[in-house]
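What follows is calculated from the coordinates using simple rules that are stated; it is not laboratory data. As the structure is a computational prediction, the values presented were derived from the model and not from experiment. Note that each Cβ is placed from the backbone with ideal geometry, even for glycine, and that neighbours are counted across all protein chains shown.
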Amino acid sequence: MTAKGHVILAITPLTAAYGSSLIAMPEVLIPVVLGSLFNDIDEPASYIGRKFFFLSGLFRELGLKHRGFTHFLIIPLVLMILAYLAFEGGILFWFAFGMLMHDIGDMLTKGGIVSFFYPFAEGKRAALLPEPLRFKTFSFTEKIVIFVLILINLVNTMGVNYV
């Protein structure tokens, strides 16, 4: 999924929960957006990888592959637990939430995430949909998914009850 898709997907549950008041909640919105991009720090060609090229380059030099450890479920779960225990939630929790939403987006793509449930199911590919329903990154289908998510976010922020 593209950076734009990850961000839009990550804020969708927030607009559903908070509507237009989300814009007045930078302590939630900013960490979620950053978290939704962070997982791709292991890919030098990604949006965040280009911004933090020294880190993504280091990961590449260490032989770490894209959709590797930064995409393991255990990382955002540990961060969420730490955030709750040490800080009663807050910015770290929302950053981890963004990371988790990033993973959900990647599990909608053809590639899914290998070893998402590491260390319990190492080497197994995790996906949320059957393969024929998943899309390729940068594909027309992904653009449609992003467009639908934008519409959902607009409806959510206008306060329309669609459920």
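Some observations on this one:
- Using R0 = 45 Å, the C-beta based FRET efficiency linking I23 and I74 works out to 0.90.
- Ellipticity at 222 nm from helices only: DSSP H runs of n ≥ 4 in the chain, each -39500 (n - 2.57), divided by the residue count, give -18000 deg cm²/dmol.
- For the range 36-69 versus the range 92-163, the gap between their alpha-carbon centres in whole angstrom: 19
- Once backbone amide H atoms are built at 1.01 Å from N, L108 has L128 as its partners under 5 Å, excluding neighbours fewer than 5 places away on the same chain.
- FRET E, pair A45, V148, Förster distance 22 Å, beta-carbon r, rounded to 0.05: 0.25
- Length-normalised contact order for the chain - Cα pairs under 8 Å, 6+ apart - percent: 29
- Candidate lysines - alpha carbon under 19 Å from K51, same-chain residues fewer than 8 apart omitted: K4, K65
- Overall form of the range 3-150 per C-alpha gyration tensor (a/c, 1.5; a/b vs b/c): rounded
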